[in-house]
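Visitor: Can you keep this structure in mind? I'll have questions shortly.
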Amino acid sequence: MSFDIFLVCLDHGEVATFPRALVEQAFAPFIETRESNSWKLCDSLADVWIKGADDITGFGVSRPPGDLQEPHPFWRALLDVMQRTQTVLHWPSVGPKPHAVVANESVIAHMPPDMIRILGRPKVVTKPEEFWQRIGESGA
């Protein structure tokens with residue numbers, strides 16, 4: 001079974017965009033192979049699914065790197081992207097809410113009410129190791 005995470009950019013309750021170049025630059029050191037809409041990450045089974053040439057609404061990651069002892073550099077890069085964009089990271093779970101995190105608390109005000117109702121009010125992450133901690137707390 002695969003676990004997936006999704007990053008989405010929001011502005012005043014609507015899906016918005018940010019430059020794809022931010023993600024390209026952040027992830028470049030550990031992209032093993034590239035296809036037009038996906039990247040395979042080094043030292044993991046992770047695939048990044050990304051569409052759009054210049055501006056993107058977000059991306060998904062199948063099987064994100066999961067070493068809790070020494071986080072994969074993906075998590076630092078993801079945090080950097082999130083700190084520079086108005087984005088929410090969310091994932092599927094049937095466990096306790098929230099099933100989402102933000103790097104900037106101000107982003108929560110841009111989430112549609114239905115998204116908050118479904119995912120719960122996101123927690124704020126400030127360190128790479130907090131991603132898996134929050135995912136684990138949700139029962140995913």
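Visitor: Please go through segment 63-78 and pick out each residue that is part of a helix (DSSP H, G or I) and either of a type in the set (S, T, N, Q) or out of contact with any Ser or Thr (no Cβ under 8 Å at 6 or more places or on another chain) (or both).
Guide: PRO73, TRP75, ARG76, ALA77, LEU78
Visitor: Search segment 26-42 for residues that are surrounded by fewer than 14 Cβ atoms within 10 Å (Cβ to Cβ) and pair each with any residue that is outside any strand (DSSP E or B) when their beta-carbon atoms are under 6 Å apart and the residues are at least 6 apart or on different chains.
Guide: Cβ pairs passing all conditions: GLU32/CYS42; ASN37/LYS51.
Visitor: Of LEU22, LEU7, LEU45, which residue is more than 20 Å from GLU130 (Cβ to Cβ), touching a helix residue (DSSP H, G or I) at 6+ places or on another chain (Cβ under 9 Å) and not β-branched (Val, Ile, Thr)?
Guide: From the options LEU22, LEU7, LEU45, the qualifying one is LEU22.
Visitor: What number of residues within segment 1-21 satisfy the criterion of being of a type in the set (A, V, I, L, M, F, W, C) and surrounded by 15 or more Cβ atoms within 10 Å (Cβ to Cβ)?
Guide: Looking only at that region, the number is 8.
Visitor: If the requirement is being β-branched (Val, Ile, Thr) and either more than 12 Å from the chain's Cα centre (by Cα) or outside any strand (DSSP E or B) (or both), which of these qualifies: VAL101, VAL81, VAL48, VAL88?
Guide: Only one candidate qualifies: VAL81.
For every residue, the table says whether it meets (1) free of Cβ contacts under 8 Å to residues at least 24 places away in the same chain; (2) surrounded by fewer than 22 Cβ atoms within 10 Å (Cβ to Cβ); (3) of a type in the set (Val, Ile, Thr); (4) over 15 Å from GLN133 (Cβ atoms).
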{"site": "VAL61", "(1), (2), (3), (4)": "no, no, yes, yes"}
{"site": "PRO71", "(1), (2), (3), (4)": "no, yes, no, no"}
{"site": "ASP80", "(1), (2), (3), (4)": "no, yes, no, yes"}
{"site": "ARG84", "(1), (2), (3), (4)": "no, yes, no, yes"}
{"site": "VAL88", "(1), (2), (3), (4)": "no, no, yes, yes"}
{"site": "TRP91", "(1), (2), (3), (4)": "no, yes, no, no"}
{"site": "VAL94", "(1), (2), (3), (4)": "no, yes, yes, yes"}
{"site": "ALA103", "(1), (2), (3), (4)": "no, no, no, no"}
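Read-outs: derived from the displayed coordinates by stated rules, not from any lab. Here the structure is a predicted model, which is why all the values come from computation and not from measurement. No Cβ is skipped: glycine too gets one built from the backbone with ideal geometry, and neighbour counts run over all protein chains shown.
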